[in-house]
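Trainee: My questions will all concern the structure given below.
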Number of protein chains: 2
Amino acid sequence: MPPGLLHVQIKGKPNSLDIAHLAGVSQATVSRALRGHASVNRATRERILEVAKQLNYKVDKNASNLRTQQSGTLALLLFEDPTVDESNINPFFLSMLGSITRACAQRGYDLLISFQQLSRDWHADYEDCHKADGLILLGYGDYLDYRSRLEALVAQGTHFVRWGAVLADQPGLSIGGDNDAGGLAATRHLLAQGRRRIGFLGHASLHAPEFLERHQGYAAALREAGLTPDPLLQADAISTESAGSEAANLVLERGARCDALFAASDLIAIGAMRALFARGLRVPEDVAVVGYDDIPMAQSTHPALTTVQQDTRHAGELLVDALLRMVQGEAVQSIKLPPRLMVRQSCGAVLQPARAPATVTPLPEGTRRTRRHAR
Amino acid sequence: MPPGLLHVQIKGKPNSLDIAHLAGVSQATVSRALRGHASVNRATRERILEVAKQLNYKVDKNASNLRTQQSGTLALLLFEDPTVDESNINPFFLSMLGSITRACAQRGYDLLISFQQLSRDWHADYEDCHKADGLILLGYGDYLDYRSRLEALVAQGTHFVRWGAVLADQPGLSIGGDNDAGGLAATRHLLAQGRRRIGFLGHASLHAPEFLERHQGYAAALREAGLTPDPLLQADAISTESAGSEAANLVLERGARCDALFAASDLIAIGAMRALFARGLRVPEDVAVVGYDDIPMAQSTHPALTTVQQDTRHAGELLVDALLRMVQGEAVQSIKLPPRLMVRQSCGAVLQPARAPATVTPLPEGTRRTRRHAR
DNA sequence: GGCGAAGCTGAAAACGTTTACACGCGCGCA
DNA sequence: TGCGCGCGTGTAAACGTTTTCAGCTTCGCC
C-alpha cells in the first residue's frame, strides 16, 4: 500500500468509494473526476487521479455499463458453412476479422467474437443481454435460411450490419462487394485473353447470394461477347479447396471443352487448379483460372492466381462505422464496394516484362513469373 | 404483446421484475427459476419460463456479472510486431485465434479480442475492469521487454496464460511448442538429405525466444553431425515475407556456400524462396528450404514447403483450459507441445511415389508433386 | 449590503441482478 | 396438541457505477 496516504486498509480491488475516502471527497466526485467532467476543480481532480493511479484503480465496466446501459462493445458473429472442416476458417473472413478488430480498436470499442453454426438462436444472444451494443454478421449467407432471422432482428430493434450480397429486399443493412461487377470484370478479362469456353465453379442459387451475383456478372460478360453460359461448364461448390477440386473434376468429366474456369472464390480456384494439375492439364496454357477474394495465398500459388480483390480493410471500417452510426440512431444506407481485378499468371494474360501495371502484385524483378513464361 | 397474459404494459426491454409480475411471483423467484435452482416448484418454474420466452426476456449480463463478480468472458490479446504491415496478421496466429475462439465457445465462454502494440498499458485493462475473467497472451514475445509486464501481472494476481517459449524463469504460465525439438528435427532432416551448409534465417536472440530455441535445436543438430553453425549463414528476420527475402539476400550476398536454409517461420521461408528464385536458384535442387509453423499457405507454395507443424487446435484448447483452471484457483503447469515435421518438397526429400508416409500432406494421386520431380 | 450567478461538491436514487435469511405452510410423529 | 422439518417463496441487501438535484461557497455588481 502506498505510504503517504491515509491509513485506510483496502481489502481486494479498490472501488470508487475507497478512492473517495483516500482523496477526501465524495464518491460522486471521484466518478466525475475520472470521467473528465468539467465541473470538478482542477486540484481536486489531480488529487483523485493520483490516488487512483497509486491504487491501480480501474472503473468496473459491469457497474458502469449497467448504469449507462451501453457496453462499449460490438459482437462479431462469424457464420460458417457447417460442412467445413472446423479447424480451417475461410481466409477471406479471417482477413475481414482482422480489419474489423482494428477498426473497433481505433474507435475505442471492444470486440467480442463468436463462431456460429447457422443453426440456432444466435439472433437473440449478444445485444439482448447487453453484452454488446451491436452485431456484425459475417459469412457467406444462405439467404433463404437467413431471412427470417434477419427479420426477427429488425423487429426486435437490434442493431446489426451484415457483410454480404446487397439485395434490394433484404431486411436490415448490408455492406458487401459488388459481386456482379466483379464477375463481369473477371469474365471479360478471360474473354479478352481469347478464352471462349469459360466455366463457372460455385453455387449459383439464392442459397449463396454472393456467388449468384458473381455468376450473373459472368453470364452478362458472356452475353456481351455473343456467347451463352453452358450448363455443362457450371458446377456447384461451397468455398473450400476440396469442393473446388470436386467441382472442377465434375466439369472436366462431362467431356465438354473448357479453356477457362472462373471460380466463385479463391479457395475454389485453388482446389480447381489442383484438380487440373492432377489430370495433367496446364494452367493457364490449357485452362485459365480466375478466383475471387484475393486471399493471401493467391499470391503464392503456382501459377499465381488472378483474382478479384475485395478491400477487406475498407470493408471492415465501413461495417464498424455503419454499425456505430446505427447505434447512435442515425440512418444508414447499404453500400456496395467496387471490386478490383488483380491480374497474375493463372489467367494467361501476357504481362509487360519491364514494369508491371498497377493492378499486378509487385514482385521482386526477375521473379519466377516471367521466368516461367519465358521457358 | 402476448394476449393471454395479464395486462401489464412493458416499456422497453423487460426485466426480471416484469416477468415476476406477469407470472405472479416475486422477482427473486424469477431469478431462481431462470438459473435452474432446484428449490423452485416445477409448475412455477414452467410458468416463469413461458412468460420469459413470450417476452423474449434475456438476463442482463452487466447486472448479473456485477452481482456475481465474474464475466464469463476471456480476453485474447494479440501482440504484433509494430513493424509489420497492419493489414496482414501472421497466419499462424490467426489459426491460433480460430482454435481459441472455438475452445472458448465449447466451454461456454465469450471471447474478447484485441490487437495490441507491444507498447503500453495493456496489462491493466481487461481483467481489472471486470470485462474478462482472464487473459490469453499471444504473439512472438520480446522476452526482455515483456518480462516486467508479466511480473506486474503476476503481482496483481491477474489470471493469464501466454503462448510462447516455455522458459524456466518466466513469470506466469506459458504454453508453447517445443521449439528446440522442432529446430532439431528440421535440421536433422536437412542433414539426412545430404545438406551440409545449412543457414538459419530469423533472430537468434532473447528478443525472440522461440526463434532462439529453434536456433538452438538447429545448432545442436549441426553439432551432432560434427558441424558448427557458420555465422555467415545466419541472418536476423522478424516473421514476414519481406524480412525473409532480405535475410536470404543478405546470406547469399556474403558469398559463403549454402545448400539449405532453415527459416524460423513459414513466412520467412516463403520470403526466402522468393529471393532464391529471383537469383535464379532452384528450390530444392540448389538450396533446400524448411520453414516453421505449417501455415495453410505452406501447402500451396511452389515447391510445397517442408515445415514444422505446431498443432494450433490442441494448443488453443490447452490455453483455454489452463486459463479456466487458473481462474478457478487450481494450480496449473506450463506445457511444451511436441512439434511434427511435415515433409513436402522444398527440402529435397525423395518421397515414395506410391503411397506417401503419414507425415506428408495427402494430395490427390498423380499430383504435381511427383510430376514435377519426374520431369 | 443584498442578491443572483457561477463554481464545486455531496446525498441519494437509480441500473437489474443474485442470494442470505426469514417466513409460512403442511405434514409426520411423539 | 405441540414440535420439528421440508419445501417454496418473499424480503431486502448487496454489487459499483452514473447522474440528478440540491446545497454551500465565493464573487461581482447594483
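Trainee: Answer yes or no as to whether residue A:33 is modelled with pLDDT under 95 and over 32 Å from the mean Cα position of the chain (by Cα).
Mentor: On the way: modelled with pLDDT under 95: no; over 32 Å from the mean Cα position of the chain (by Cα): yes.
Spelling it out, it is not the case that residue A:33 is modelled with pLDDT under 95 and over 32 Å from the mean Cα position of the chain (by Cα).
Trainee: Going by the structure shown, is residue A:71 within 12 Å of DNA strand D (Cβ to nearest atom) and of a type in the set (Ser, Thr, Tyr)?
Mentor: Answer is no for this residue.
Trainee: Using beta carbons and a limit of 8 Å, which pairs, at least six apart or on different chains, have the first residue in the range B:28-44 and touching a residue at least 24 places away in the same chain (Cβ under 8 Å) and the second one of a type in the set (Phe, Trp, Tyr) and near DNA strand D (Cβ under 6 Å from one of its atoms)?
Mentor: none
Trainee: Which one of the conditions (1) among the aromatic types (Phe, Trp, Tyr); (2) within 14 Å of chain A (Cβ to nearest Cβ); (3) farther than 21 Å from residue B:345 by Cβ does residue B:277 fail to meet, given that it meets all the rest?
Mentor: (3)
Trainee: One residue is enough: does the range A:62-82 have a residue meeting the conditions within 11 Å of DNA strand C (Cβ to nearest atom), modelled with pLDDT of 95 or more and over 30 Å from residue B:76 (Cβ atoms)?
Mentor: No, the range A:62-82 has no match at all.
Trainee: In the range B:42-66, which residue that is within 13 Å of DNA strand D (Cβ to nearest atom) and surrounded by fewer than 16 Cβ atoms within 10 Å (Cβ to Cβ) is farthest from residue B:22 (Cα to Cα)?
Mentor: The extreme case among them is B:42.
Trainee: Of everything in the range B:21-41 that's part of a helix (DSSP H, G or I) and more than 7 Å from DNA strand D (Cβ to nearest atom), which residue is surrounded by the most Cβ atoms within 10 Å (Cβ to Cβ)?
Mentor: B:30
Trainee: Evaluate the following for residue B:6: is it within 16 Å of DNA strand D (Cβ to nearest atom) and either modelled with pLDDT under 95 or hydroxyl-bearing (Ser, Thr, Tyr) (or both)? Let's see the steps before the verdict.
Mentor: On the way: within 16 Å of DNA strand D (Cβ to nearest atom): yes; either modelled with pLDDT under 95 or hydroxyl-bearing (Ser, Thr, Tyr) (or both): yes.
When the stated conditions are applied, residue B:6 passes them.
The values are calculated or read from the model by the stated rules, or taken from the named source; none is laboratory data. Model, not experiment: these values are computed from the prediction. We place every Cβ from the backbone using ideal geometry, glycine too, and count neighbours over all the protein chains shown.
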